[in-house]
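**Q** Handing you a structure now.
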Amino acid sequence: MRLLLIGPPGSGKGTQAVRVAEHYGVAHISSGDLLRRHIAANTTIGRTVADYIARGDLVPDSIVMDVLRKPVEEAANRGGYILDGFPRTVQQAEAAYLVARKLGASVRIAIYLQVPAAELVRRLVGRGAREGRTDDTEAVIRHRLDVFDTSTTPLLEYYDRRETLVTIDGNQPADAVTAQIIAALDRIRPQLP
Ligand code: AP5
């Protein structure tokens with residue numbers, strides 16, 4: 001199982017990745033969580049990326065690739081992974097493809113979680129009030145949504161052309177979203193070569 005979860009901030013990528021990874025017994029790898037761990041540990045990478053994340057801008061590709069390489073290689077050797085938040089640009093997707101091809105671990109399915117912007121803002125403003133994530137203020141949330149529209153939506157066409165892209169309605173209770181993702185994967189995976 002090698003799966004990408006693509007969706008705007010607040011669409012439920014993290015929530016769903018944990019559940020789907022547990023269901024299939026594969027690793028969940030979140031680029032945002034890995035970067036935030038570096039910030040919490042005050043590493044050189046953490047100090048470099050903190051401002052990008054606080055502003056809601058994308059972290060430079062080379063840093064993201066460095067942070068992800070080892071966990072992805074390890075998970076590929078152990079039976080697979082669900083990638084949450086990576087790739088976010090076509091350039092990242094192309095770089096990831098070259099690395100994965102060497103490992104014989106190319107991604108086959110991408111899931112796109114579709115949620116209206118007003119609901120995304122509602123969810124993230126709520127999380128900001130509860131958990132205080134630096135990028136969950138309304139101004140930064142709106143910037144993150146713009147970055148998604150500009151930089152990440154071209155990925156949808158990229159994966160639709162190259163792999164299997166499945167769009168799931170993420171604007172329903174989390175359990176219903178999980179059930180639809182698992183039903184789609186169980187339907188599609190046996191048909192893949
Ligand atoms: P990242 O950590 O990936 O954040 P994000 O994409 O902004 O996504 P979120 O974590 O905010 O939302 P989510 O879609 O995971 O939803 P979640 O399940 O958490 O990235 C953060 C930053 O790191 C980026 O801005 C960038 O700077 C940097 N970065 C990361 N990857 C990068 C990359 N590849 N390249 C460059 N830079 C990178 O849910 C959100 C909330 O909604 C929660 O409170 C949850 O409880 C709630 N919720 C979830 N599902 C539902 C539901 N169905 N109904 C109601 N509420 C729900």
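**Q** What do the square roots of 5 times the Cα gyration tensor eigenvalues come to for the stretch 134-192, in whole Å, largest first, as semi-axes of the equivalent ellipsoid?
**A** On the way: eigenvalues 150, 66, 10 Å².
Three semi-axes, in Å: 27, 18, 7.
**Q** Based on C-alpha coordinates, I'd like the Rg and Dmax of the stretch 50-119, in Å.
**A** My reading of the Cα-based Rg and Dmax gives 13.7, 41 Å.
**Q** Sorted from fewest to most neighbouring beta carbons within 10 Å, what does the list R162, R144, R2 look like? Please list the in-between numbers first.
**A** Details: R162 14, R144 22, R2 19.
In order of increasing Cβ crowding within 10 Å: R162, R2, R144.
**Q** Roughly how big is the chain's charge dipole about its Cα centre, with Cβ charges of +1 (Lys, Arg) and -1 (Asp, Glu), in debye to the nearest 20? Write down the numbers at each step before the final one.
**A** Details: 25 positive and 23 negative charges, 79 e Å.
Result for the chain is approximately 380 debye, rounded to the nearest 20.
**Q** A follow-up question, please. What are the residues whose amide H is under 5 Å from the amide H of T167, where those residues sit 5 or more places off or on another chain and H is modelled from the backbone?
**A** It is Y112, by chain and number.
**Q** Here is a further query. Counting other beta carbons within 10 Å of each residue's own, what order do I63, I6 fall into, fewest first?
**A** Numbers: I63 15, I6 26.
The most exposed by this proxy come first: I63, I6.
**Q** Apply the Karplus parameterisation 6.51 cos²θ - 1.76 cosθ + 1.60, with θ equal to phi minus 60°, to every residue of the stretch 80-85 and state each ³J(HN,Hα) to the nearest whole Hz, in sequence, with x for glycine and proline.
**A** x, 7, 10, 9, 10, x
**Q** Also, quick follow-up: Based only on other Cβ atoms within 10 Å, what is the fewest-to-most ordering of Y24, Y112?
**A** The order, fewest Cβ neighbours first, is Y24, Y112.
**Q** Restricting to Cα atoms and excluding each atom paired with itself, what does the Kirkwood estimate give for the stretch 4-88 in Å? Walk me through the numbers on the way to the answer.
**A** On the way: mean 1/r = 0.0751 Å⁻¹.
Result for the stretch 4-88 stands at 13.3 Å.
**Q** Name the residues whose placed amide hydrogens come within less than 5 Å of the amide hydrogen of T43, ignoring near sequence neighbours (fewer than 5 apart) on the same chain.
**A** none
**Q** Please report the antiparallel percentage of DSSP beta bridges with both residues in the stretch 1-106, rounded to the nearest 5.
**A** For the stretch 1-106, the DSSP antiparallel bridge percentage is about 0.
**Q** When only alpha-carbon atoms count, how far does the chain stretch along each of its three principal axes, as whole angstroms with the largest first?
**A** 44, 37, 28
**Q** Moving to a separate point now. Modelled label-to-label distance, D169 and A54, 7 Å Cα→beta-carbon offset: nm?
**A** Simple spin-label model gives 4.1 nm for this pair.
**Q** Collect residues whose amide H, placed 1.01 Å from N in the peptide plane, falls under 5 Å from the amide H of T137; neighbours closer than 5 in sequence don't count.
**A** For T137, no residues qualify.
**Q** Using θ = phi - 60° and the Karplus curve 6.51 cos²θ - 1.76 cosθ + 1.60, what whole-Hz ³J(HN,Hα) does each residue of the stretch 139-148 get, with Gly and Pro shown as x?
**A** 5, 6, 4, 5, 5, 4, 5, 5, 4, 4
**Q** Taking N as the number of residues in the stretch 68-174, what is its alpha-carbon radius of gyration divided by 2.2 N^0.38 Å? Don't skip to the end; give the middle numbers.
**A** Working: Rg = 15.7 Å, N = 107, 2.2 N^0.38 = 13.0 Å.
The value comes to 1.21.
Every read-out reported here was derived from the displayed coordinates using simple, explicitly stated rules and does not represent laboratory data. The structure displayed is predicted, hence computed values, not measured ones. Cβ: placed from backbone, ideal geometry, glycine included. Neighbour counts: every protein chain shown.
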